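Structure first, commentary second.
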Amino acid sequence: MNLARDLLDKQLVDRNGRKAGKVDGIVLKIQEGRPRIAYLEVGWPVLARRLGKRPARWSDGLLRHWNGGIRTRLPWERIESVGRDIHLDIDSEKSTLLTVERWLRRQIVRRMPGGNHGKK
Amino acid sequence: MKKLFEIALGIVTSVGGFLEIGSIVTAAQAGALFGFQLTWAILLGGLCVIFLVEMSGRFSAISKHTIPAAMRERFGFTMFTIPLVVIGVVSLLVLGAEIGGACVAIEFLTGISFQVWAIPVGLLVWLLLWRGTFGLIEKGVSLLGLVTVVFAVGAYKLHPSLPALSAGMLPTLPRHDAARYWFIAVSILGASISPYLFYFYSSGAIEDKWNEGYLATNRFVAALGMSFGSFLSVAVLVGAALVLLPRGIRIDHYDQAALMLMVPLGRWGFLLFAAALFIACIGAALEVSLEIAYVLAQGFGWTWGEDKMPREEARFSLSYTVAILAGTLLVLIGIDPLKLTIFSMALTALSLPVAIGPFLILMNDKRYLQTHRNGWASNTVVVLTIAMAFVLAVVTIPLEILGS
């Protein structure tokens, strides 16, 4: 598998078909002398690191302030399939994948007119 | 039968989205200053956008990807930030111009300064997105957008000389004010080839779940819709050429432009001008706000879609909310909508290589399009037009800034 072409920056889809971000980073480990995928990383701190040292330092500080520095990591075992999208065997609503989404939903959208509504 | 209806709707949608403040202002300026001479610029821009819209529909139908998502996948996040930022900034300026245009239309009808209307108009645009569905917005705006046909009616009643108009369809060198001529040509290209048009179109194709069976429909909609839009732009140019040019009116204020409909249509012309301006601008404001949200959501992998509830897609909904806030702010602080429009159109032309270059590469990528990659005609027309627009923009924008 060509990691950059087939994995990196691809859309993640959870077990309920919901979009859950993109593969922002890949972490490898050495097992039996060969490189293997340990886990996929998702989140804005990971993206910041790809942009350069200063954005990385800045976002690491922000992340520590936000949740103590916990990054979202997806173990390779939880990946169901790799195709047009990467399918996960995870419910994204119950994982850290949607932390920012849930926070915005609670703190901002719910408080706006019609934010809490039934049908459109 | 359903396909036929969809085609008709698609064409109507394209028309509604095509004629907005940028096209109206640049075409009117062209007519008021240079008569029929710049008709070729509108036609060239129209041709290029027909190819681009068809490409974006084909891309989404075959690859099942939206353009921003594919751009990030193919080029990596770091490279993707460049078109992301460029498109974001230019789109925000265009959004400000559209909201400003709608406010000016209300100023026509009420006499109250456009700045006062910034917040109500911004709120209207936001509410339509927050509470509306994609289908409702698309269809509603398109049907209302048909009022812009009034420009064609007005132009017809002025009896333009067809030989003279045809002469303008070929590029000619200006006899006076060359810098101005080429700057307006650039603005026309920027107004016609607005990236938001086909980013929006590609998202619509995904939301409507297009597949290979829609390729013919796509070609039809792109060609007819955009052609009709260009036709209306030419009608605006004709109206300006026959009403404003002989009176020596250079459009420094919007109300001068309204004359082009008042001469052929009397008092109704004024009302219809304001209505057409308002509807066209609201429609474009909706599309541009959504486009900004689409590019962010699709680039970062968030849930997106006009048919979902805001709380199901908090990041997407808040993206267009913040965009609309920013656009409203631009109008609120009193930036002249006319200047903002012209500037943002020229800036669009300048940004075309960054906004469209990556897309063009994708259109020739076997991994996304297999056997449906671009032919030589699509590639050639788009590359040449964008190159020309960019070079002209680089030369004329500094001259225009220095001159004013």
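At 1.4 Å probe size, with the rest of the protein present, what percent of the exposed accessible area of the stretch B:29-72 is carbon and sulfur atoms?
On the way: 490 of 640 Å².
Answer for the stretch B:29-72: carbon and sulfur cover 76 percent of the accessible area.
Give the share of C-alpha pairs in each 10 angstrom bin for chain A, from 0 to the last occupied bin, in whole percents, shortest bins first.
12, 36, 33, 15, 3, 1
If you take each beta carbon of peptide A:104-114 and count the beta carbons of other chains within 10 angstrom, what is the mean?
Numbers: counts 6, 8, 2, 1, 6, 11, 3, 0, 7, 3, 6.
Shielding by partners across A:104-114 averages 5.
Who wins for biggest fluctuation among B:Thr110, B:Thr380, B:Thr26 in a Gaussian network model of chain B, springs between alpha carbons below 10 Å?
The residue with the greatest mean-square fluctuation here is B:Thr110.
Please work out the FRET efficiency for the pair A:Ala56 and B:Asp177, using the Cβ-Cβ distance as r and a Förster radius of 45 Å; give the result to the nearest 0.05.
0.30
How much accessible surface area, in Å² rounded to 10, belongs to the heavy atoms of B:Tyr201 with a 1.4 Å probe?
Roughly 40 Å² of B:Tyr201 is accessible to a 1.4 Å probe.
Give the relative contact order (percent, whole number) for chain B; include only Cα pairs under 8 Å separated by 6+ residues. Please list the in-between numbers first.
On the way: 650 pairs, mean separation 153.3, N = 404.
Taking the mean separation of contacting Cα pairs over the length of chain B, I get 38 percent.
How long are the three semi-axes of the equivalent ellipsoid for the protein assembly as shown, computed from the Cα gyration tensor as the root of 5 times each eigenvalue, in whole Å, largest first?
Numbers: eigenvalues 359, 120, 91 Å².
So the three semi-axes of the protein assembly as shown are 42, 24, 21 Å.
Given 0.36 nm per residue, what is the gain on full extension from A:Trp76 to A:Asn2 after removing their alpha carbon distance, in nm?
Values: separation 74, 0.36 × 74 = 26.64 nm, distance 1.53 nm.
Roughly 25.1 nm would be gained on extension.
At 1.4 Å probe size, put B:Ile401, B:Ile106, A:Ile108 in order of accessible surface, largest to smallest.
On the way: B:Ile401 105, B:Ile106 35, A:Ile108 60 Å².
Reading off the accessible areas and sorting them downward yields B:Ile401, A:Ile108, B:Ile106.
Can you give the Rg to Rh ratio for the stretch B:42-185, taking only C-alpha atoms and Rh from Kirkwood?
Details: Rg = 20.3 Å, Rh = 19.9 Å.
In the stretch B:42-185, Rg relative to Rh is 1.02.
For the protein assembly as shown, report the accessible area per residue in Å² (1.4 Å probe, heavy atoms, rounded to an integer). Each step should come with its number before you reach the end.
Values: 22150 Å² over 524 residues.
Solvent-accessible surface per residue comes out at 42 Å².
With just the Cα atoms defining each centre, how far is the stretch B:184-208 from the stretch B:346-404? Give it in Å.
Computed from Cα coordinates, the inter-centre distance equals 12 Å.
At a temperature of 25 °C and a viscosity of 0.890 mPa s, determine how fast the stretch B:294-401 diffuses translationally according to Stokes-Einstein, using the Kirkwood radius over alpha-carbon pairs as Rh; express D in µm²/s, rounded to the nearest whole number. Display every interim value, and only then the final one.
Values: Rh = 17.1 Å.
D = 143 µm²/s.
How far is the Cα center of the stretch A:47-78 from the Cα center of the stretch B:247-313, in Å?
The two parts, judged by their Cα centres, are 40 Å apart.
When averaged across all projection directions, what area in nm² does the alpha-carbon convex hull of chain B cover? Each step should come with its number before you reach the end.
Numbers: hull surface 74.0 nm².
Seen from a random direction, the Cα hull of chain B projects 18.5 nm² on average.
Longer than 19 Å from Cα to Cα, which of B:Lys139/B:Lys209; B:Lys64/B:Lys366; A:Lys94/B:Lys64; A:Lys19/B:Lys64; A:Lys10/B:Lys366; A:Lys19/B:Lys139 are they? Say none if no pair is. Can you show the working numbers first?
Values: B:Lys139/B:Lys209 17 Å; B:Lys64/B:Lys366 14 Å; A:Lys94/B:Lys64 28 Å; A:Lys19/B:Lys64 14 Å; A:Lys10/B:Lys366 17 Å; A:Lys19/B:Lys139 27 Å.
Too far apart for the 19 Å limit: A:Lys94/B:Lys64; A:Lys19/B:Lys139.
How much of the accessible area of the stretch B:252-311, probe 1.4 Å, is carbon plus sulfur, in whole percent?
Values: 1240 of 1920 Å².
For the stretch B:252-311, the apolar C and S fraction of the accessible surface comes to 64 percent.
Run the numbers on the stretch B:43-89: which residues show a drop of 40 Å² or more in accessible area, chain on its own versus all protein chains together, using a 1.4 Å probe over heavy atoms?
B:Arg72, B:Glu73, B:Phe77, B:Thr78
In deg cm²/dmol and to the nearest 500, what is the mean residue ellipticity at 222 nm of chain B if only DSSP H runs of at least 4 residues count, each as -39500 (n - 2.57), divided by the residue total? Walk me through the numbers before you get to the answer.
On the way: 17 runs with 320 residues, N = 404.
Counting only the DSSP helices, I get -27000 deg cm²/dmol.
May I ask you to derive the relative contact order of the stretch A:45-120, considering only C-alpha pairs under 8 Å and at least 6 residues apart, and to give it as an integer percent?
Details: 36 pairs, mean separation 10.0, N = 76.
Relative contact order for the stretch A:45-120 comes out at 13 percent.
List the GluC sites (Glu not before Pro) in the stretch B:274-349 that DSSP assigns to loop (not H, G, I, E or B) and whose Cβ has at most 12 other Cβ atoms within 10 Å. Which are they? The partial results should precede the final answer.
Details: sites: B:Glu287, B:Glu291, B:Glu306, B:Glu312, B:Glu313; in loops: B:Glu306, B:Glu313.
The qualifying sites: there are none.
Let me know the mean shielding of B:310-320 by other chains, meaning the per-residue number of their Cβ atoms within 10 Å of its Cβ. Intermediate results must be reported in sequence, preceding the final value.
Numbers: counts 10, 12, 5, 5, 13, 6, 2, 6, 6, 0, 0.
The per-residue average across the peptide is 6.
Defining a contact as two alpha carbons under 8 Å apart and six or more residues distant in sequence, what relative contact order in percent does the stretch B:210-352 show? If you can, show how the numbers build up before the last one.
On the way: 63 pairs, mean separation 19.0, N = 143.
It rounds to 13 percent for the stretch B:210-352.
Direction-averaged shadow area of the convex hull around the Cα atoms of the stretch A:1-52, nm²?
On the way: hull surface 18.3 nm².
Dividing the Cα hull surface by four gives the mean projection, 4.6 nm².
Over the stretch B:135-185, with every protein chain in place, what whole percent of the accessible area is carbon and sulfur at 1.4 Å, could you tell me?
In the stretch B:135-185, the share of accessible area belonging to carbon and sulfur is 73 percent.
Threshold 40 Å², probe 1.4 Å: give the residues of the stretch A:1-40, in number order, that are less accessible with all protein chains present than with their chain alone.
In the stretch A:1-40, residues shielded by partner chains: A:Arg5, A:Asp9, A:Lys19, A:Lys22.
May I ask you to list, by number, the DSSP H helices of chain B whose Cα span along the axis is at least 30 Å and whose average Kyte-Doolittle hydropathy reaches 1.0 or more?
Working: long enough: B:39-63 (36 Å, 1.50); B:67-110 (50 Å, 1.49); B:215-243 (42 Å, 1.68); B:259-300 (51 Å, 1.69); B:337-362 (35 Å, 1.73); B:376-403 (39 Å, 1.89).
Within chain B the helices that satisfy the rule are B:39-63, B:67-110, B:215-243, B:259-300, B:337-362, B:376-403.
What Rg and what Dmax come out for the stretch B:149-278 when only alpha-carbon atoms are used, in angstroms?
17.7, 53
Given a Förster radius of 25 Å and the C-beta distance between A:Arg15 and B:Asp208 as r, what FRET efficiency does 1/(1 + (r/R0)^6) yield to the nearest 0.05? Show your work: numbers first, answer last.
Numbers: r = 26 Å, r/R0 = 1.03.
Once the sixth-power term is evaluated, E becomes 0.45.
Between B:Thr380 and B:Lys139, how many nm apart are label points set 7 Å from Cα along the C-beta direction?
Each label point lies 7 Å from its Cα, and together they span 4.2 nm.
Using mean Cβ contacts within 10 Å as the protection proxy, how do B:231-244, B:270-283 order, highest first?
B:231-244, B:270-283
Could you rank B:Trp117, A:Trp103, B:Trp130 by how accessible they are, 1.4 Å probe, largest area first? Present the calculation step by step, with values, prior to reporting the outcome.
Values: B:Trp117 55, A:Trp103 100, B:Trp130 0 Å².
Output order, biggest surface exposure first: A:Trp103, B:Trp117, B:Trp130.
If you add up the charges near A:Arg15, with Lys and Arg at +1 and Asp and Glu at -1, over every other residue whose beta carbon is less than 10 angstrom from its beta carbon, what do you get?
On the way: positive: A:Arg18, A:Arg78; negative: A:Asp14, A:Glu80, A:Asp89, A:Asp91.
Cβ neighbours under 10 Å give a net charge of -2.
How many Å² of accessible surface get buried when B and A come together, counting both sides, probe radius 1.4 Å, rounded to the nearest 100?
Details: alone 16340 and 8630 Å², together 22150 Å².
Buried surface at the B/A interface: approximately 2800 Å².
Can you tell me the FRET efficiency between A:Ile26 and B:Asp365 if r is taken as the Cβ-Cβ distance and R0 is 35 Å, rounded to the nearest 0.05?
Values: r = 22 Å, r/R0 = 0.63.
Here the calculated transfer efficiency is 0.95.
The values are calculated or read from the model by the stated rules, or taken from the named source; none is laboratory data. This is a predicted model, so every value here is computed, not measured. Note: ideal-geometry Cβ built from the backbone for every residue, glycine included; neighbour counts use all protein chains shown. Surface accessibility is based on the protein's heavy atoms, side chains included, excluding ligands, DNA and RNA. Shrake-Rupley method; radii C 1.70, N 1.55, O 1.52, S 1.80 Å.
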